[in-house]
Amino acid sequence: MSIIVHHSPQTRSTRLLWLLEELGADYRVNYVTIRRMDGSGGPDGNNPHPLKQVPAIEVGDQLLIESALIFPFLTDRFRIANLAPTPTHPRRAEYFSWLGLYSGVVEGVLGSGSPETWSPVQNEAYAGLERRWSAAIKDGGYILGDFSALDILFGSLLQWYRAAMPAGEPYDNYLERISQRPALARALQKDSPPA
Ligand SMILES: N[C@@H](CCC(=O)N[C@@H](CS)C(=O)NCC(=O)O)C(=O)O
């Protein structure tokens, strides 16, 4: 299976490199430019993403976008790596619920402005996510018990934006645990194009 990752350094596609390294996948990186928050960069003609964003992946002749869907697509393809519940596993529904929370709450709320601008409904959605996440990781665990693809998807949020979650325990320890993964170090070596 040939996989191409359309990627730009220090973005949401960096964690996809991390996932692919954890999965032991064989993949090629297509480095593209994107519009950056600071006004630099710009859409890249070599990026097949319809919105000129990253990440996007090509698997054979299929193009897939949106992190919350790329993750399960790949964990299903690479089941052997055991980074997510299989389709008949009793925690499969929990896995999908977290993926939905990522796309609906994390992207939907965090991406819609600063906390001061959130509506009461958005505040409650975010607080609910925080309660669930902190309960899962408080005793040295991970979101689904053992380390899984969800810890890459959600954990990368803390790596970019630690202030998104409350200060102190349990998030600091969790961040330290996930940051020590050798696959993350390998991914970071590929984050920027070779000089
Ligand atoms: N919901 C998408 C968001 C993708 C996204 O916003 N990517 C940013 C980089 S972190 C981007 O490409 N920005 C450039 C743009 O929107 O033009 C996902 O989670 O994959």
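The values are calculated or read from the model by the stated rules, or taken from the named source; none is laboratory data. Bear in mind that the values here come from a model prediction, so they are computed numbers and not experimental data. Every residue, glycine as well, gets a Cβ built from its backbone with ideal geometry; the counts of neighbours run over all protein chains shown.
Residues checked against (1) surrounded by fewer than 16 Cβ atoms within 10 Å (Cβ to Cβ); (2) farther than 22 Å from Glu21 by Cα; (3) in contact with a Gly (Cβ under 9 Å, 6 or more places away or on another chain):
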{"site": "Pro48", "(1), (2), (3)": "no, yes, no"}
{"site": "Thr75", "(1), (2), (3)": "no, no, no"}
{"site": "Ile80", "(1), (2), (3)": "yes, no, yes"}
{"site": "His89", "(1), (2), (3)": "yes, yes, no"}
| Those residues of the stretch 111-150 which are among the aromatic types (Phe, Trp, Tyr) and assigned to a helix (DSSP H, G or I), in sequence order | Tyr126, Trp133
| query | What number of residues within the stretch 98-120 are of a type in the set (Phe, Trp, Tyr) and surrounded by fewer than 17 Cβ atoms within 10 Å (Cβ to Cβ)? | reply | 1
| said: Just to be sure before I move on: is Arg12 within 20 Å of Ser156 (Cα to Cα), within 13 Å of the ligand (Cβ to nearest atom), modelled with pLDDT of 95 or more and exposed (fewer than 13 other Cβ atoms within 10 Å of the Cβ) in the structure I sent? | reply: no
| request: Could you tell me which residue of the stretch 18-37 is surrounded by the most Cβ atoms within 10 Å (Cβ to Cβ), considering only residues that are within 12 Å of the ligand (Cβ to nearest atom) and either under 24 Å from Trp98 (Cβ atoms) or not hydrophobic (A, V, I, L, M, F, W, C) (or both)? | output: Thr33
| Among the residues of the stretch 66-77, is any away from the ligand (no atom under 16 Å from the Cβ) and modelled with pLDDT of 95 or more? | yes
